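Structure first, then comments.
Taken together, the values in this text are just the output of simple stated rules run on the coordinates, not laboratory data. Given the structure is predicted, the values throughout are model-derived calculations rather than measurements. We place every Cβ from the backbone using ideal geometry, glycine too, and count neighbours over all the protein chains shown.
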Amino acid sequence: MFCQRTLGESVAAVGIGLHSGRKVRLVLRPAPVNTGILYRRVDLSPAVDIPAQPLNVNDTRMATTVNIGRAAVATIEHLMSAFSGLGVDNCIVEVNAPEIPIMDGSGTSFAYLIHSAGLVEQDAPRKFVRIKRPIEVREGDKLARLEPHEGFRLSFRIAFGHPAIDATDQTADIDFSKVNYEQSVARCRTFGFVQDVEMLRRIGLAQGGSLENAIVMDEFRVLNPGGLRESGEFVKHKILDAMGDLYVLGHPLLAHYVAEKSGHGLNNQLLRKLLSEPDAWEEVTFEHAKDCPVDFWPQPAVQYANDDDLKDPIFR
């Protein structure tokens with residue numbers, strides 16, 4: 001059968017919290033079958049467990065945040081994207097702060113951590129959510145939709161009206177039967193604008209934001225000395241975010257995700273609508289691994305040619 005997977009061993013790293021600007025210790029631990037992705041706030045007494053589930057996402061203003069009561073973990077989308085892209089079903093994520101460290105603003109450091117820990121198959125079938133009919137949410141000119149597809153494909157269109165972004169690719173289509181996560185999506189960094197960062201810092205947020213963990217722009221241009229990693233970095237980062245947002249569902253999707261100007265909030269609305277319409281989907285497993293779409297087959301780790309492409313986590 002096509003099995004669930006977890007980490008081979010625990011792995012830890014230290015990074016900077018995007019909003020607090022403080023060091024955050026992150027530990028990824030193996031978890032039993034059917035655990036899913038479980039966030040654990042170890043700085044609280046007693047520690048609080050927060051499962052990654054659509055109904056536990058109650059704040060999407062600047063990132064995807066899961067919470068139970070007043071205990072929350074923010075900025076989970078990049079780590080969730082790496083879990084999705086590398087096929088991690090079960091993991092306990094320990095963190096000693098209310099946010100995941102931002103690392104370099106992409107998924108590469110998290111992918112590196114996962115590969116460092118190794119992946120092991122577990123004695124239980126991997127569960128998939130197969131979309132049976134289209135389901136869609138809209139918010140003004142924004143759109144997010146899931147369509148039936150026997151694999152995993154994401155199509156995204158952006159429109160920011162900014163000269164630096166307009167000069168790059170505005171659309172991207174990622175079909176995981178043809179490309180893998182680390183080669184196509186993982187390296188694409190989050191982005192923001194100088195004026196927004198200054199405003200956020202005045203209210204005590206974005207204290208850890210810098211050119212080391214985001215693409216930063218003024219009114220006209222990208223300020224990072226190295227520029228962009230590729231022309232499609234902006235739109236592909238939106239796909240990276242969407243992968244993380246969708247994986248909060250708890251299972252990989254057999255679906256084609258189509259979006260225009262979508263974000264964390266609309267992506268979560270899409271999952272909530274999906275759950276509210278049980279005739280739109282079904283849970284499936286694959287008795288034989290060869291019957292599972294190639295999109296979900298394990299992929300070897302990518303070897304990066306440039307160390308700057310991978311901000312190595314600080315192991316502790």
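Determine ³J(HN,Hα), in whole Hz, for all residues of the range 121-132 in sequence, where each value follows from phi through the Karplus function 6.51 cos²θ - 1.76 cosθ + 1.60 and θ = phi - 60°; x replaces Gly and Pro.
Once rounded to whole Hz, the list reads 6, 10, 7, 6, x, 6, 9, 10, 9, 9, 7, 9.
Quick one: Cα centre-to-centre distance for the range 134-198 and the range 56-91, in angstrom?
When both Cα centres are located, 18 Å separates them.
Under a 10 Å cutoff between Cα atoms, tell me which one of R133, R70, R229 has the largest fluctuation in the Gaussian network model of the chain.
R70
Please list, in order along the range 177-190, the HN-Hα scalar couplings obtained from phi with the Karplus expression 6.51 cos²θ - 1.76 cosθ + 1.60 (θ = phi - 60°), rounded to whole Hz, x for Gly and Pro.
Coupling constants for the range 177-190: 7, 10, 9, 10, 4, 5, 7, 9, 10, 4, 7, 7, 8, 5 Hz.
Hey, if you put +1 on the Cβ of every Lys and Arg and -1 on every Asp and Glu Cβ in the range 172-283, which of G208, G265, Y247 ends up farthest toward the positive end of that dipole?
Farthest along the dipole direction, towards plus: G208.
So what is the 222 nm mean residue ellipticity for the chain from helices alone, if each DSSP H run of at least 4 adds -39500 (n - 2.57) and you divide by all residues, rounding to the nearest 500 deg cm²/dmol?
Calculated at 222 nm, the ellipticity per residue is -6000 deg cm²/dmol.
If I stretch the segment between R133 and D169 completely, what's the gain in nm (0.36 nm per residue apart, minus their alpha carbon distance), one decimal?
10.0 nm
In a Gaussian network model over the chain where Cα atoms closer than 10 Å are linked, find which of C188, C91, C292 has the largest mean-square fluctuation.
C292
Taking H placed 1.01 Å from N in the peptide plane, check which residues at least 5 places from E99 or on another chain put their amide H under 5 Å from its amide H.
Answer set, sorted by chain and number: A74.
Between the DSSP loop rule and a limit of at most 16 other Cβ atoms within 10 Å, which chymotrypsin sites (Phe, Trp or Tyr not before Pro) in the range 128-202 are left?
Within the range 128-202, the qualifying chymotrypsin sites (Phe, Trp or Tyr not before Pro) (loop, at most 16 other Cβ atoms within 10 Å) are F160.
In the range 34-130, with Lys and Arg counted as +1 and Asp and Glu as -1 at Cβ, which of these residues, I76, Q122, L55, has the Cα nearest the positive end of the dipole, that is, farthest along it?
Of the candidates, L55 comes out farthest on the positive side.
So which trypsin sites (Lys or Arg not before Pro) in the range 172-225 are both in a DSSP loop and have at most 14 other Cβ atoms within 10 Å of their Cβ?
For trypsin sites (Lys or Arg not before Pro) across the range 172-225 that sit outside H, G, I, E and B with at most 14 neighbouring Cβ atoms in 10 Å, the list reads K178, R221.
Taking the Cα centre as origin and putting +1 on Lys and Arg beta-carbons and -1 on Asp and Glu beta-carbons, what dipole magnitude results for the range 109-248, to the nearest 20 debye?
360
Treat each spin label as a single point 7 Å out from the Cα along the C-beta direction, and report the R221 to V120 distance in nm.
If labels sit at R221 and V120, their model points lie 5.2 nm apart.
So if I place +1 on the C-beta of Lys and Arg and -1 on the C-beta of Asp and Glu, and nothing else carries charge, what would the dipole magnitude of the range 227-280 be about its Cα centre? I want it in debye, nearest 20.
It works out to roughly 100 debye.
Along the charge dipole of the range 80-196, pointing to its positive end and built from +1/-1 on Cβ of Lys, Arg, Asp and Glu, which listed residue (I102, V137, F156) has its Cα farthest out?
So the residue we want is V137.
Taking θ as phi - 60°, what are the ³J(HN,Hα) couplings along the range 65-80 by the Karplus curve (6.51, -1.76, 1.60), each to the nearest whole Hz, with x for Gly and Pro?
10, 9, 8, 10, x, 8, 8, 9, 10, 9, 6, 8, 5, 6, 5, 4
Check H149: other-chain or 5+ apart residues with amide H under 5 Å from its amide H, H built from backbone geometry?
Distant-sequence amide H within range of H149: I131, A255, H256.
What is the dipole size for the chain, taken about its Cα centre, with +1 at each Lys and Arg Cβ and -1 at each Asp and Glu Cβ, in debye to the nearest 20?
Roughly 620 debye for the chain.
Taking amide H positions as placed 1.01 Å from N in the peptide plane, with prolines and chain starts having none, which residues 5 or more places from L119, or on another chain, fall under 5 Å of its amide H?
G8
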